[in-house]
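The values are calculated or read from the model by the stated rules, or taken from the named source; none is laboratory data. A quick note: this is a predicted structure, and the numbers were derived from the prediction, not measured. Reconstructed Cβ throughout: ideal geometry from the backbone, glycine too, with neighbour counts over all protein chains shown. SASA here: full protein model, heavy atoms, side chains in, ligands and nucleic acids out. Shrake-Rupley method; radii C 1.70, N 1.55, O 1.52, S 1.80 Å.
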Amino acid sequence: VDANQTGSRVFAMLHYDNNDSIYTSLDEDVPVKVNEQVVLKKFRLAKTITIRLNEFAFAPSRIALQKGDSIRFVNEDPTVHTVTIRDINIDVRLQSNEDITFSFPTAGEFALECTIHPNMTGTIVVSE
């Protein structure tokens, strides 16, 4: 990147798609230079993880992710479900074949439930 051609502000965006709707870190040092000075050396890309609502269950029912990552919820059942996470005031109804994505900016352990089907529960663990 030549900062002389882009002005005084340089923005870099790196994207890796493994064809499974999951975005993962390359886990490598990737130097970004501006006028021969390294301005970014190591980074972590946020992930998007899919939880399927299928056969009246969250699959997987326990998920671990890092702060800033996202979860995509996909309702594969022929009936309505909710994605309810009371600790962060999320309560959304998903019709069959609908999906929604939430990012998690805060670390913690969060209970996941469907308020329509009380046996549908799960846990989301978000680390720093």
If a residue has to be within 9 Å of the chain's Cα centre (by Cα) and on the phi < 0 side of the Ramachandran plot to count, how many in segment 68-87 make the cut? 4
Please verify whether segment 92-114 includes one or more residues that are part of a loop (DSSP other than H, G, I, E, B), in contact with a His (Cβ under 8 Å, 6 or more places away or on another chain) and not aromatic (Phe, Trp, Tyr). yes
Just to verify a result, which residue in segment 51-76, among those that are of a type in the set (A, V, I, L, M) and assigned to a strand (DSSP E or B), is nearest to residue 116 (Cα to Cα)? 53
Please specify each residue of segment 119-128 satisfying the condition of being modelled with pLDDT of 95 or more and surrounded by fewer than 12 Cβ atoms within 10 Å (Cβ to Cβ). 119
Taking segment 91-118 and keeping only residues that are free of Cβ contacts under 8 Å to residues at least 24 places away in the same chain, more than 15 Å from the chain's Cα centre (by Cα) and open to solvent by less than 40 Å² (accessible area, probe 1.4 Å), one is left with 92
Can you confirm whether segment 35-50 contains a residue that is under 24 Å from residue 115 (Cβ atoms), at pLDDT 90 or above and either open to solvent by 70 Å² or more (accessible area, probe 1.4 Å) or over 21 Å from the mean Cα position of the chain (by Cα) (or both)? no
